[in-house]
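Beneath this line is the structure, given in structure tokens, with notes to follow.
FYI, it's all coordinate maths here, none of it is from the lab. Computed from a predicted model, the values in this text were never measured in an experiment. Cβ placement follows ideal geometry from the backbone for every residue including glycine, while neighbour counts extend to all protein chains displayed.
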Ligand SMILES: *Cc1c(COP(=O)(O)O)cnc(C)c1O
């Protein structure tokens with residue numbers, strides 16, 4: 001069986017360190033917040049090249065807290081790319097704002113053209129998503145954001161460690177959010193998330209919101225919520241952080257192999273390779289009109305695949321109330337064609353080649369039929 005993701009193998013490779021990290025928390029008995037959480041926040045901020053990191057309960061809360069911290073007038077429009085996980089758009093609506101979708105381009109990140117086209121006088125912010133670990137086209141996005149005086153939130157849930165022109169993602173805008181859901185490139189053993197920012201005021205505000213509007217116990221400056229980072233999760237994340245760059249390099253090894261082995265198959269569209277950026281390859285996503293048959297063929301041959309995402313957000317029942325906007329053609333069509341191949345540091349070259357050979361075989365069989 002070639003697994004899509006192998007968290008057990010990762011755990012066994014650093015078991016002693018993880019077990020010791022958990023034990024440290026049991027010894028301190030600080031389960032929510034406390035020294036281990038502070039240490040991870042400091043290390044993660046340094047890793048991403050940001051001044052502050054505020055640990056929170058999960059990546060969805062991180063987005064909601066980030067939006068709230070920016071003091072955007074209620075009912076403003078916030079633009080979100082149509083090809084992302086629903087957490088990105090949910091956070092907009094749940095924060096009392098109006099959601100506006102825009103399209104993605106051929107690397108599946110936000111299309112700067114479509115983003116600008118969807119700006120109205122009510123638009124106050126944009127959430128860009130470094131989807132699949134691929135940094136968005138930040139030069140164009142920054143230009144548009146500055147021209148229209150918008151707030152910029154970066155959803156980095158899939159892009160820990162990714163870099164755009166030598167700079168880690170998450171520090172281009174006002175604020176950025178991360179998820180440490182177990183399957184992410186840096187994953188906890190439960191839910192966890194974080195916010196990073198270079199702004200003193202925004203960091204302070206986020207720290208208050210996540211803890212009932214409070215910085216001092218039982219003194220509440222405003223109503224916040226509970227979304228604190230669990231210390232056991234922080235300890236695990238801190239132990240794993242040391243390996244993250246190595247794992248990302250391994251993901252890039254797997255991606256290069258896929259690119260090389262699959263480049264001559266005309267029926268599939270590979271993710272565009274871009275050497276000026278550091279892709280963190282949370283996912284390696286190809287496109288083919290034979291997607292469902294190919295997925296079935298791979299599955300029958302013991303290769304697990306995924307689909308990210310099988311129903312584009314504008315096609316979801318949750319958004320049936322919105323008018324389908326002509327300017328989001330790519331995202332609403334490609335959901336039937338996207339296929340995520342096995343990806344992670346767990347894969348041997350021989351396994352990647354086996355997946356590629358099966359894909360070649362599949363398309364050769366297609367031609368004969
Ligand atoms: C995983 C993910 C989230 C949500 O994170 P959770 O920790 O699961 O709440 C948000 N945005 C994107 C792009 C994600 O992939």
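For the chain, what does the alpha-carbon gyration tensor say about shape, rounded, prolate or oblate, given a ≥ b ≥ c as the root eigenvalues, a/c under 1.5 as rounded, and a/b over b/c as prolate? Since a/c reaches 1.5 but b/c is at least a/b, the shape of the chain is classed as oblate.
Length gained on full extension, residue 93 to residue 367: 93.9 nm, using 0.36 nm per residue less the C-alpha separation. Rg to Rh for the stretch 207-281: what is it, with Cα atoms only and Rh by Kirkwood? Value, to two decimals: 1.30.
Assuming a ≥ b ≥ c are the square roots of the Cα gyration tensor eigenvalues, decide whether the stretch 1-97 counts as rounded (a/c under 1.5), prolate (otherwise, with a/b larger than b/c) or oblate. Oblate, since a/c reaches 1.5 and b/c is not below a/b.
Counting other Cβ atoms within 10 Å as a rough exposure proxy, the listed residues 102, 136 run 102, 136 from fewest neighbours to most. Cα gyration tensor of the stretch 237-294, axes a ≥ b ≥ c as square roots of the eigenvalues: rounded (a/c below 1.5), prolate (a/b > b/c) or oblate? The shape class here is prolate. Note on the stretch 49-103: the C-alpha convex hull projects to 4.5 nm² when averaged across all orientations.
Note on the stretch 218-369: Cα-only Rg and Dmax are 20.1, 73 Å.
Distance from the C-alpha centroid of the stretch 60-96 to that of the stretch 163-233: 15 Å, rounded to the whole angstrom. When restricted to Cα atoms, the stretch 108-231 yields an Rg and a Dmax of 16.0, 48 Å, respectively. Using a 10 angstrom cutoff on alpha carbons, build the Gaussian network for the chain and name the most mobile of 200, 174, 230. Among 200, 174, 230, the largest GNM mean-square fluctuation belongs to 200. Projecting label points 7 angstrom from Cα along Cα→Cβ for residue 256 and residue 216 puts them 5.6 nm apart. Think of it as helices only: each DSSP H run of n ≥ 4 in the chain is worth -39500 (n - 2.57), and spread over all residues that comes to -12500 deg cm²/dmol at 222 nm. Highest mean first, the peptides 152-164, 201-213, 339-351, 313-325 sorted by other C-beta atoms within 10 Å per residue fall in the order 152-164, 201-213, 339-351, 313-325.
Considering only alpha-carbon pairs that sit under 8 angstrom and 6 or more positions apart, the relative contact order computed for the chain is 22 percent. Comparing 28, 93, 177 in a Gaussian network model of the chain (Cα springs below 10 Å), the most mobile by mean-square fluctuation is 28.
Inter-label distance, residue 142 to residue 242: 3.4 nm, where each label sits 7 Å from its Cα along the C-beta direction.
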